[in-house]
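Q: Please read through the structure below; I'll follow up with questions.
The values are calculated or read from the model by the stated rules, or taken from the named source; none is laboratory data. Predicted model only: the values in this text are computed from it and were never measured. Cβ sites come from the backbone with ideal geometry, for glycine too, and all protein chains shown count toward neighbours. Only protein heavy atoms, including side chains, enter the accessible area calculation; ligands, DNA and RNA are left aside. Shrake-Rupley method; radii C 1.70, N 1.55, O 1.52, S 1.80 Å.
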Amino acid sequence: SQQGEEDPQALSIQEGENATMNCSYKTSINNLQWYRQNSGRGLVHLILIRSNEREKHSGRLRVTLDTSKKSSSLLITASRAADTASYFCATDAWGAQKLVFGQGTRLTINP
Amino acid sequence: DSGVTQTPKHLITATGQRVTLRCSPRSGDLSVYWYQQSLDQGLQFLIQYYNGEERAKGNILERFSAQQFPDLHSELNLSSLELGDSALYFCASSVDSNLPGGTNYGYTFGSGTRLTVV
């Protein structure tokens, strides 16, 4: 079963625009992570935000976490064609010993 | 190259057969995780090993088994294969110790093994 639910399932924008993806989850977490997957390839870790953090930045990425609403968002600013990929949120719940992934958002950046 | 090596990259086999997928974790990582990715089920956690011991089990079928060897490489064995087992199988590793508080770092994924059962 998936803990994370991502919204939207697919997003298509023009190069240079910002892309926002949302993730909702169900249980208490230790941290939440975002991963990128290019078509048919392995997942790449982007950023980790702990349950006591509200916002985190890494380059053009900004992640927010609202534990009261059990939700997170990933913002990619000034998008590039190379950002075209699927993006997954993953939750690390206390004692779970594993990451549980959402279904992902398929992002397409049009040149 | 992520540092996690999975072999083979592609595997085509017939129903009823048995296959072994191999994973070498990133140097220094003690934890190995196996995931199955299919179009209809998404990324499903199968099993985790930490320093040779099984630590967590997910939606892993009884026909599937895994182990982690003393050199920390891991193998996932899939037997009595069915058409529905066709999927991408990923191995991931992490540096964390196995504390209940969870991981402090992300996972490093291999490039996966694409299994096609015909």
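Q: Do any GluC sites (Glu not before Pro) in the range B:1-98 lie in a loop, going by DSSP, with at most 14 other beta-carbon atoms within 10 Å of their beta carbon, and if so which?
A: Details: sites: B:Glu53, B:Glu54, B:Glu62, B:Glu75, B:Glu82; in loops: B:Glu62, B:Glu82.
Those that pass, being in a loop and sparsely packed, are B:Glu62, B:Glu82.
Q: What's the long-distance tail for chain B, i.e. % of Cα pairs beyond 19 Å?
A: 41
Q: Nearest 100 Å², what total accessible surface is buried between chain B and chain A (probe 1.4 Å)?
A: Its buried surface, counting both partners, is about 1800 Å².
Q: Ok, one more. Work the Kirkwood hydrodynamic radius out for chain A: mean of 1/r over every pair of different alpha-carbon atoms, inverted, in Å.
A: Every distinct Cα pair counted, the radius reaches 13.9 Å.
Q: Next question, about the same structure. So for the range A:56-111, considering every pair of alpha-carbon atoms, how many percent are separated by more than 16 Å?
A: In whole percent, the share of Cα-Cα pairs in the range A:56-111 beyond 16 Å is 56.
Q: Using a cut-off of 13 Å between beta-carbons, work out the net charge of the residues near A:Leu65 (Lys and Arg +1, Asp and Glu -1, A:Leu65 not included).
A: Summing Lys and Arg as +1 and Asp and Glu as -1 gives +2.
Q: If we count every other residue with Cβ under 13 angstrom of A:Ala90's Cβ, Lys/Arg +1 and Asp/Glu -1, where does the sum land?
A: -1
Q: Could you check how many percent of all C-alpha pairs in the protein assembly as shown are farther apart than 28 Å?
A: Within the protein assembly as shown, distances greater than 28 Å cover 29 percent of Cα pairs.
Q: Which residues make up the longest stretch of chain A clear of GluC sites (Glu not before Pro) that lie in a DSSP loop with no more than 15 other Cβ atoms within 10 Å, not counting the sites? Before the final figure, lay out each step's value.
A: Numbers: sites that count: A:Glu15, A:Glu17, A:Glu53.
Longest site-free region, per DSSP loop and neighbour criteria: A:54-111.
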